[in-house]
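Since the structure comes first, as structure tokens, the remarks are kept for the end.
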Amino acid sequence: MKIQIDKLFQNTILQKEEWILLLSNRDRETIDYAFIKAREVSIQHFGNKVFARGLIEFTNYCKNNCFYCGIRAGNKRTLRYRLSKEDILECCRVGNELGFRTFVLQGGEDPFFTDEKMLVIISEIKNKYPDNALTLSIGERSYDSYLAFKNAGVDRYLLRHETANGEHYGKLHPNNLSNIPRKQCLNDLKNIGFQTGTGFMVGSPYQTKENLAEDLMFIAEFKPQMLGVGPFIPHKDTPFSDFPAGNVELTLFLLSLSRLLLPKVLLPATTALGTLDPKGREKAVLAGANVVMPNLSPLHVREQYMLYNNKLATGLEAAEGVAKLAESMSNIGYELVHERGDY
Ligand code: 5AD
């Protein structure tokens, strides 16, 4: 299996069968070799730097009903909140003081936040913090909306494809959602000139090794500038409450394969990984990840943005805990940096 890792390291494209073989027959030796090679690649491009982004979860209202997600419209047990423009700007002020030079505004697909409202918020943030990068993650919108956001100064946009396989997508989402418009959105975002992020869950219900191979092939073709790969974790008030969580080791292996595929990609150690494994962030960095996204949302709303059971929003996942996070990175030989870290 090491042969496939070497091929990736040399930028050789793998066939679908090879991906499936690699994912199905992975042994300790192959996994450790992939981690070493992935680390070599990230050190080559970024040195020992890990970039910090301040995450602001500004609304947990969502019109969609994704089967896996705790803030799905159908979950009547979630207490809903929206941050006001003033709240959001206060998060940015605190984040800026703490040294963050990227703000990530993430939310459910909330119709309350029309383009007009978003544009006002975006302009104020960019006015006050012209040197900071601004990332949006608010789901599927029209080409014109994305273009307006870009013109208002948004630098980056995150939209996970969730799974590249249409049939599998259909098992994770209600009938009104399909991955065809989603992929169109991703193309739009890229064409408009955003640093574009996509990504997928590992171990989501009904996922096969073939599906994961398709995810890797999709990212090899799409070449996102950012990539979120985290384990599925069940949420008690969703249709998927009884499915098992994704596997930490497999997630780490996929992170290392992603790093080998896309040497310069900005690859976060996800909160979901940190939630399943207290050493998840460190392990992710040692498998090629180079971004962490501590939470800047106001403390009182953090537990309401519950995408899955026990989602972390404090300790090392909290912006206030950034010193501890820096320490944990330093313990494994990496430096947490606050620079914008553009692609
Ligand atoms: N487990 C893991 N990740 C999840 N997400 C949503 N629900 C879950 C879950 N139950 C991820 C999705 C989404 C991102 C914001 O969070 O991939 O794109």
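Nothing in this text is a laboratory measurement; each read-out follows from the coordinates by a stated rule. All figures in this text were calculated on a predicted structure; none of them were measured in a lab. All Cβ positions, glycine included, derive from the backbone under ideal geometry; neighbour counts span all protein chains shown.
Below 8 Å, C-alpha to C-alpha, sequence gap of six or more: please give me the relative contact order for the chain in percent.
Answer for the chain is 25 percent.
Using the Cα centre of the chain as the reference point, and only Cβ charges (+1 on K/R, -1 on D/E), how large is the resulting charge dipole? Debye, rounded to the nearest 20.
Working: 41 positive and 40 negative charges, 24 e Å.
For this selection, approximately 120 debye.
Taking springs between alpha-carbon atoms closer than 10 angstrom, which of PHE35, PHE194, PHE112 fluctuates most in the Gaussian network model of the chain?
Between PHE35, PHE194, PHE112, it is PHE112 that shows the largest mean-square fluctuation.
Residue by residue through segment 25-37, which ³J(HN,Hα) values in whole Hz follow from phi under the Karplus form 6.51 cos²θ - 1.76 cosθ + 1.60 (θ = phi - 60°), with glycine and proline marked x?
9, 4, 10, 3, 4, 5, 4, 4, 5, 4, 4, 4, 5
For SER258, SER84, SER330, SER137, which order do you get if you count the other beta carbons within 10 Å of each Cβ and list the fewest first?
SER84, SER330, SER137, SER258
Quick one: 3J(HN,Hα) in Hz for segment 253-265, Karplus 6.51/-1.76/1.60 with θ = phi - 60°, rounded, Gly and Pro as x.
4, 5, 4, 5, 5, 4, 4, 5, 5, 10, x, 9, 5
Note down the Stokes-Einstein diffusion coefficient of segment 1-87 in µm²/s, whole number, using a Kirkwood radius over alpha carbon pairs, 10 °C, and 1.306 mPa s. Write out the running numbers ahead of the final one.
Details: Rh = 17.4 Å.
The Stokes-Einstein estimate is 91 µm²/s.
Placing +1 at every Lys and Arg Cβ and -1 at every Asp and Glu Cβ, with all other atoms neutral, what dipole size does segment 187-295 have around its Cα centre, in debye to the nearest 20?
380 debye
Amide H to amide H under 5 Å from GLU109: which residues, 5+ apart in sequence or cross-chain, H placed 1.01 Å off N in plane?
When sequence neighbours closer than 5 places are left aside, the close amide H contacts are LYS63, ASN64.
To make sure I understand, if each residue's beta carbon is the centre and we count other beta carbons within 10 Å, what order do PHE222, PHE58 fall in, fewest to most?
Result, fewest neighbours first: PHE222, PHE58.
Given the options GLY193, ALA313, THR30, identify the residue whose Cα lies farthest towards the positive end of the charge dipole of segment 2-337 (+1 on Cβ of Lys, Arg; -1 on Cβ of Asp, Glu).
Among GLY193, ALA313, THR30, the one farthest towards the positive end of the dipole of segment 2-337 is GLY193.
Whole number please: convex hull volume per residue, Cα atoms of the chain, in Å³. Could you put the intermediate results ahead of the total?
Values: hull volume 40.7 nm³, N = 343.
That works out to 119 Å³ per residue.
Say each of ASN247 and SER178 gets a label point 7 Å from the Cα, pointing the same way as Cα to Cβ; how far apart are those two points in nm?
In this crude label model, ASN247 to SER178 measures out at 3.3 nm.
Along the Cα→Cβ direction, 7 angstrom out, place labels at GLU124 and GLU29. What is the inter-label distance in nm?
About 6.0 nm, to one decimal.
Tally the DSSP beta bridges in the chain and give the antiparallel ones as a percent, rounded to 5. Don't skip to the answer; put the middle values down first.
Values: 1 of 32 bridges.
Approximately 5 percent, going by the DSSP bridge assignments.
Near LYS16, within a Cβ-to-Cβ distance under 9 Å, what is the net charge of the other residues, with Lys and Arg +1 and Asp and Glu -1?
-4
For segment 186-265, what percent of Cα pairs sit more than 20 Å apart?
38 percent
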